[in-house]
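The values are calculated or read from the model by the stated rules, or taken from the named source; none is laboratory data. Because the structure is a prediction, the values reported are computed rather than measured. Heads up, the Cβs are rebuilt from the backbone with ideal geometry, glycines too, and the neighbour counts pull from every protein chain shown.
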Amino acid sequence: MLESMLAGMSHLLTWSSLALMSLGMFIGIFFGIVPGISGITALVILLPFVTSMEPQTALLLFIGVSAVIPTADVIPAILIGVPGTASAAATCIDGYQMARKGQAARAYGAAYTVSAIGGVIGALFLLATIPVMRPLVMSLGSPELLMLALMGLSTVGVISGRLPLIGLALGALGLLLGQIGIDPQTGVHRWSFGILYLTDGLSMQAVVLGLFGVAEIADLAILGSRVSEEIQATGKGLYEGVKDSFRHWGLTLGSSIIGIIVGIIPGIGANVASWLGYAYAAQTSKDKENFGKGDVRGVIGPEAANNSCMGGALLPTLSFGVPGSSEMVLYLAAFAMLGIIPGPLMLTEHLDLVFTIAWGVALANILGCLICMVLTIYLVKLCRVPVRVLAPVVIALIFMGALRISVSFPDLITVIVFGIIGYIFKRLGWPRQSLVLGFILSPIVGKYLFITVNAYGTTWLMRPWVILIALITIAIAVYGFKARQMAGGRQP
Amino acid sequence: MIAVVALVAVFCFAIASSRSWAMGPRLYAWSASILGLGLTSIFLIRQIQAAQKKGDITTTEGGMIVKRKVGTEIQFFVWIVAFAAAIWLFGFEFSVFLFILSYVRLHHGSWLLSAGTGISMALIIWGIFTKLLNFTWISGLVPRWMGF
């Protein structure tokens, strides 16, 4: 275990790894700052390029991107009241008010510092729990792994969207789409319709590029949203904000723990974590009257939570292949493309890679904080990029990624088709991540189903862990439906 | 409503078309399809019931307000398809320049902004990805006709 931990750190501390992680951080800063583009778009664009990299460097690139986005997205949130990504929406409330009072620098100092602290706490949590998870995961067989995959799929479907029934149905649709092509066990042609391209199945990168990449930029371009032209001077007070983070150390620690817990629960993610962090800050403060009017605690709470969330989300992703958040769905896609299967194999044959990821999260959060502190005054200009310039550039990047898959036109057609489908789903409020997760898990579910049925017949349904996981799945589904009902959704 | 009906149709098609498969793949396909069909059908029935209560069949889908400029949406995806067609005709690098130039210009950008962005992006792709990283792209129909 110690050897793997040190090996993981040594993979991180090479020039190529650090360079790629730094590149990922700058990409993440760009996508975090520009309002309207989610962090998922950044990961989607990078996805086709990771196949030609070593797994460690590819994943460090991903970590550089996703660790920094929750740090950088506060830049427009504080300065112009527009969150860079959805996870900064809670920070807008008090952060923007602080900027209006001439305390933007103090807000930035606090946000960056607690982002780094939260991210490191999340990474330390991951490092501490890996030794505990390993024996647990090793005791699971194919029936349990099958049930865990189905649990992840149903949880994401129920919790991550506003329409649980449709979320579950889209998960099932994803499973079907993932079956297109030749069945590896029996050689049956499934829904290939005699088309050579479909014989190999749909390309995962193309599907993800379309569903998330094209759909997101289409939404931004069609709305024609304009970023506010109003920019105020950042002012002094960066160091004051840093001191605030330590002055309110209890809040920082508590919010970080909240973020970790939210991250562990599949399908939720940093958006919810940041709001819970804000609510925690407001509820636990003795003097609440300044919240919403520029209270630095209203910045500390959400920012600590949304950065620590990643460490929590990585735990079920790496241990069981159950994504802790929407970004983790893309991590699973990257693992699949790199030939790495999360779960027992990950924690045995690739344990050093797991530790590389954990160390990478910690380092990326610290470096991201420092970069943002130094470059804020320049980075704010990115908030003013007009959509009419941004949209075609991002589309070009997406198409570049599509053409990288196999240098063939059918992949481009797949991207466009799924882009249209993804846009329709986004407009309808249907959770696209359920579809993508079903697609990614489809071969895994198929394999475990085949092994389970052939090895155990029907007796696998009586195994204790299978029953326990099934009950947890049902409980989460019932909770999800009830929660939608109480929230006044159109359906339970 | 149309999207939900389409989803129901997809699941029905999946069930019908996998009847002749071997046991293993058929079990998997039917498990997912029947589950999906059941869930979507329940959702559809609830939507119809909700619409009938409100007395308006043209109800919103998933609680989202459907009103948006459909023309703008179609226009955007026409741009996407046109870009793909340009790639097929002229190759990727030149099409990037052409797409960005025309998109920005026709969305009220100045000639300087549109040409500058287009040229910059094309140069970045050519310089970094084509020359430095040796990526290969689809060669367009027109360059092939011209013997390049």
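Figures for the structure shown
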item: Number of positions in region A:190-199 that are more than 9 Å from chain B (Cβ to nearest Cβ) and outside any helix (DSSP H, G or I); result: 4
item: Entirely in region A:75-182, the helices (runs of 4 or more DSSP H) that have 1 or more residues that are more than 14 Å from every other protein chain (Cβ to nearest Cβ) and without any contact (Cβ under 8 Å) to a residue 12 or more places away in the chain; result: A:104-138
item: Residue that is surrounded by the most Cβ atoms within 10 Å (Cβ to Cβ), among those in region A:27-75 that are closer than 26 Å to A:Phe355 by Cβ and of a type in the set (S, T, N, Q); result: A:Thr71
item: Residue tally, condition of a type outside the set (Ser, Thr, Tyr), over 21 Å from the mean Cα position of the chain (by Cα) and not in a helix (DSSP H, G or I), over region A:392-442; result: 1
item: Which listed residue, of A:Lys426, A:Lys482, is at pLDDT 85 or above and among the basic types (Lys, Arg); result: A:Lys426
item: Pairs where the first residue, in region B:65-79, is more than 12 Å from A:Leu223 (Cα to Cα) and more than 7 Å from chain A (Cβ to nearest Cβ) and the second is modelled with pLDDT of 85 or more and surrounded by 11 or more Cβ atoms within 10 Å (Cβ to Cβ), C-beta under 7 Å, 6+ apart; result: B:Trp79/B:Tyr103
item: Whichever residue in region A:387-437 is more than 9 Å from chain B (Cβ to nearest Cβ) and of a type in the set (Val, Ile, Thr) and, among such residues, is surrounded by the most Cβ atoms within 10 Å (Cβ to Cβ); result: A:Val436
item: Residue within region A:422-437 that is in contact with a helix residue (DSSP H, G or I) (Cβ under 7 Å, 6 or more places away or on another chain), closer than 22 Å to A:Leu43 by Cα and without any contact (Cβ under 8 Å) to a residue 60 or more places away in the chain present; result: yes
item: Residues located in region B:103-124, provided they are in contact (Cβ under 8 Å) with a residue 12 or more places away in the chain and facing another protein chain (nearest Cβ under 7 Å); result: B:Tyr103, B:Val104, B:Thr117, B:Met121
item: Residue that is farthest from the other protein chains (Cβ to nearest Cβ) [pool: residues in region B:13-31 that are exposed (fewer than 14 other Cβ atoms within 10 Å of the Cβ) and part of a helix (DSSP H, G or I)]; result: B:Ala16
item: Hits in region A:440-481 (condition: surrounded by fewer than 20 Cβ atoms within 10 Å (Cβ to Cβ) and of a type in the set (Ser, Thr, Tyr)); result: A:Tyr456, A:Thr458, A:Thr459, A:Thr473, A:Tyr479
item: In region B:86-102, the residues that are out of contact with any Ser or Thr (no Cβ under 8 Å at 6 or more places or on another chain) and within 10 Å of chain A (Cβ to nearest Cβ); result: B:Trp88, B:Phe92, B:Ser95, B:Val96, B:Phe97, B:Phe99
item: Filtered residues of region B:32-55 (kept if at the interface with chain A (Cβ under 8 Å from one of its Cβ atoms) and either assigned to a loop (DSSP other than H, G, I, E, B) or surrounded by fewer than 17 Cβ atoms within 10 Å (Cβ to Cβ) (or both)); result: B:Ile42, B:Arg46, B:Ala50
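Conditions tested, residue by residue: (1) polar (S, T, N, Q); (2) modelled with pLDDT of 90 or more.
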| position | (1), (2) |
| --- | --- |
| B:Gly62 | no, no |
| B:Glu73 | no, no |
| B:Val96 | no, yes |
| B:Ser102 | yes, yes |
| B:Arg105 | no, yes |
| B:Ala115 | no, yes |
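Residue by residue, here is whether (1) of a type in the set (Val, Ile, Thr); (2) surrounded by fewer than 23 Cβ atoms within 10 Å (Cβ to Cβ); (3) over 12 Å from A:Asp244 (Cβ atoms); (4) modelled with pLDDT under 85 holds:
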{"site": "A:Pro83", "(1), (2), (3), (4)": "no, no, yes, yes"}
{"site": "A:Ala88", "(1), (2), (3), (4)": "no, no, yes, yes"}
{"site": "A:Lys101", "(1), (2), (3), (4)": "no, yes, yes, yes"}
{"site": "A:Ala116", "(1), (2), (3), (4)": "no, no, yes, no"}
{"site": "A:Ala123", "(1), (2), (3), (4)": "no, no, yes, no"}
